[in-house]
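What follows is a short report on a single structure.
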Amino acid sequence: QVQLVESGGGLVQAGGSLRLSCAASGSIFSVGAMGWYRQAPGKQRELVASIISGGSTNYLDSVKGRFTISRDNAKNTVYLQMNSLEPEDTAVYYCYANCQRKDSGPWSTYWGQGSQVTVSS
């Protein structure tokens, strides 16, 4: 089994900062891409940022220059530093990780439990 546990969400005023963390654990042989999606009420889930094991990153246009994704490969953990937060960033944020299990199973995508981020104006 593979589990992803998120931490770090909360309530912040516009212009503030939050840092999300997501740690993958369990019977992991290898971790590939990791990242964050978000879903606001009444909207589709969208990819916010992703990072591969080598460190290359991709961002949603609306968060470029404000959000930074990073990872610690030794800890199988991905982070999302969110600065200059706007009310439009309010959503539930879900981390994901593409993992291969130690039992030589196929690569699969695993999800965190979701973290509420609320930005007040």
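Scanning segment 5-24 for residues that are open to solvent by less than 50 Å² (accessible area, probe 1.4 Å) and among the aliphatic types (A, V, I, L, M) gives V12, L18, L20, A23, A24.
Can we say K102 is at pLDDT 95 or above and open to solvent by 70 Å² or more (accessible area, probe 1.4 Å)? No, not satisfied. Only residues that are surrounded by fewer than 20 Cβ atoms within 10 Å (Cβ to Cβ) and either of a type in the set (V, I, T) or out of contact with any strand residue (DSSP E or B) (no Cβ under 6 Å at 6 or more places or on another chain) (or both) were counted in segment 70-85, giving 6.
The values are calculated or read from the model by the stated rules, or taken from the named source; none is laboratory data. Here the structure is a predicted model, which is why all the values come from computation and not from measurement. We place every Cβ from the backbone using ideal geometry, glycine too, and count neighbours over all the protein chains shown. The accessibility values were calculated without ligands, DNA or RNA, using every heavy atom of the protein model including side chains. Shrake-Rupley method; radii C 1.70, N 1.55, O 1.52, S 1.80 Å.
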